[in-house]
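I have placed the structure first, in the form of structure tokens, so that the comments after it can refer back to it.
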Amino acid sequence: MKLKILVTAGDGIGPEVTNEAVAVLREVAALGGHTLDISAKRIGGVAIVLDGSPLPAETLSAALDSDAVLLGAVGGNEFNSLPPDKRPEAGLLQLRSALGGFANLRPAFAFKELAVNSPLRPEIIDGADILFVRELLGGLYFGQPREWNRAKGEAWNTMRYTREEVVRVARIAFQLAQKRRKKVTSVDKANVLEVSQLWRATVTEVATEFPDVTLEHQYVDAMAMHLMNQPRNYDVVLTENLFGDILSDESGVITGSLGMLPSATIGGKVNLYEPVHGSAPDIAGKGLANPLGAILTAALILRHSANLETESAAIEAAVRKVLEQGFRTPDLARANAQGFSVLSTTDMGAKVRETVKAMLVNVGTS
Ligand code: IPM
Ligand code: MG
């Protein structure tokens with residue numbers, strides 16, 4: 001099979017972690033005789049500095065011409081005083097909008113080897129396995145009008161959803177739940193917001209198409225607490241854009257490090273893949289970054305854009321195996337460094353490649 005991937009590594013630790021993800025993809029593709037056509041373009045802060053725009057036209061057209069886009073991270077402290085539409089993050093939001101993927105899948109799961117890294121008790125997180133389906137193209141991120149009117153000393157954003165936008169993302173959540181534990185928890189603030197009342201009514205309507213899936217509704221404030229008290233209660237969690245942004249970071253606590261979490265955005269012209277973590281400028285360029293979130297994101301590319309389930313599952317299994325063997329990046333070792341081998345970003349990448357290779361050679365991949 002042939003797959004054309006555009007890598008937009010972006011800022012901070014983005015280049016380091018995407019390098020490792022790409023190396024794992026190349027290893028797996030070579031073993032299976034698959035052809036990867038991988039190229040790289042700039043996005044975010046680095047593109048502001050070198051091209052004068054957070055999403056250069058060249059990057060956008062290359063992205064639209066790919067089968068999948070792998071993004072590292074965007075953002076840096078030097079851009080903090082810029083208005084939202086000029087910041088590195090604007091490049092990512094423009095790219096999301098142009099690619100059209102509206103369903104952002106963010107798995108959050110407990111690795112038993114990393115339980116010591118979580119402030120939650122092991123018996124609370126053990127077995128937790130949540131899939132967030134975050135609506136990615138609507139709500140406050142894109143709603144108009146939006147403005148900071150300095151003269152008036154007033155600023156506003158708009159949380160706006162159409163029924164159609166809710167229907168399409170809800171259908172994806174229910175379809176994914178059918179392949180999992182058949183439960184959808186829809187998150188809103190319907191006790192206060194009209195937009196959430198539309199959300200709740202629409203999700204309830206979509207649920208009738210999926211009689212085998214149980215639907216429950218939660219208010220976002222209560223959900224923020226339940227996620228920490230009883231994360232095992234949740235299977236698919238469906239949210240609007242900002243609530244999903246917040247709750248998915250919160251769920252990094254279940255995994256023990258945000259550096260472990262991958263994401264895939266589907267439903268549009270080209271799927272977009274990003275680790276959930278940010279650009280972490282404080283540790284950039286030091287070999288301290290955890291590449292496992294990006295590597296798990298590479299596994300999602302193979303699953304959702306190439307239909308290579310064996311290879312995708314092998315990458316996930318290899319990540320579990322290196323953790324079982326005691327290998328850690330510094331973010332994962334902090335809580336209890338004894339008995340672990342702490343690896344740099346590149347050494348962790350190499351360890352995963354070595355492990356995935358052994359696994360795929362053993363199963364004799366096609
Ligand atoms: C995320 C990030 C982005 C978001 C930023 C970088 C625009 O926080 O992917 O969760 O808010 O969606
Ligand atoms: Mg976020």
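Which of (1) exposed (fewer than 14 other Cβ atoms within 10 Å of the Cβ); (2) free of Cβ contacts under 8 Å to residues at least 40 places away in the same chain; (3) on the phi < 0 side of the Ramachandran plot is the odd one out, the single condition Gly143 does not satisfy? Against the list (1) exposed (fewer than 14 other Cβ atoms within 10 Å of the Cβ); (2) free of Cβ contacts under 8 Å to residues at least 40 places away in the same chain; (3) on the phi < 0 side of the Ramachandran plot, Gly143 comes up short only on (1).
To keep it simple, each residue is scored yes or no on (1) among the charged types (D, E, K, R); (2) loosely packed, with under 12 Cβ neighbours inside 10 Å; (3) at positive phi.
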site: Trp148; (1), (2), (3): no, no, no
site: Glu154; (1), (2), (3): yes, yes, no
site: Glu165; (1), (2), (3): yes, no, no
site: Val169; (1), (2), (3): no, no, no
site: Leu176; (1), (2), (3): no, no, no
site: Lys179; (1), (2), (3): yes, yes, no
site: Leu193; (1), (2), (3): no, no, no
site: Met223; (1), (2), (3): no, no, no
site: Leu242; (1), (2), (3): no, no, no
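Candidates are the residues of the range 269-282 that are more than 15 Å from ligand 1 (Cβ to nearest atom) and surrounded by fewer than 19 Cβ atoms within 10 Å (Cβ to Cβ); the one that is farthest from the chain's Cα centre (by Cα) is Asp282.
Highlighted here are the helices (runs of 4 or more DSSP H) found entirely within the range 202-313 that include at least 3 residues which are over 13 Å from Phe132 (Cα atoms) and more than 16 Å from ligand 2 (Cβ to nearest atom): 220-229, 292-305.
State which residue is nearest to Val195 (Cα to Cα) when the search covers only the range 239-249 and only residues that are at pLDDT 95 or above and of a type outside the set (Ser, Thr, Tyr).
Among those that are at pLDDT 95 or above and of a type outside the set (Ser, Thr, Tyr), it is Glu240.
Here are some residues: Gly91, Gly14. Which one is within 16 Å of ligand 2 (Cβ to nearest atom) and touching a strand residue (DSSP E or B) at 6+ places or on another chain (Cβ under 7 Å)?
After applying the criteria, what remains is Gly14.
Restricting attention to the range 33-74, the residues that are modelled with pLDDT under 95 and of a type in the set (Lys, Arg) add up to 0.
Do we have Ala201 as within 30 Å of Ala333 (Cα to Cα) and not assigned by TED's automatic domain parsing to the domain that holds Leu70 here? When the stated conditions are applied, Ala201 does not pass them. With respect to Glu165, is the statement that it is among the acidic types (Asp, Glu), touching an Asp or Glu at 6+ places or on another chain (Cβ under 9 Å) and farther than 22 Å from Gly127 by Cβ true? Against the criterion (among the acidic types (Asp, Glu), touching an Asp or Glu at 6+ places or on another chain (Cβ under 9 Å) and farther than 22 Å from Gly127 by Cβ), Glu165 qualifies.
The values are calculated or read from the model by the stated rules, or taken from the named source; none is laboratory data. All figures in this text were calculated on a predicted structure; none of them were measured in a lab. Cβ: placed from backbone, ideal geometry, glycine included. Neighbour counts: every protein chain shown.
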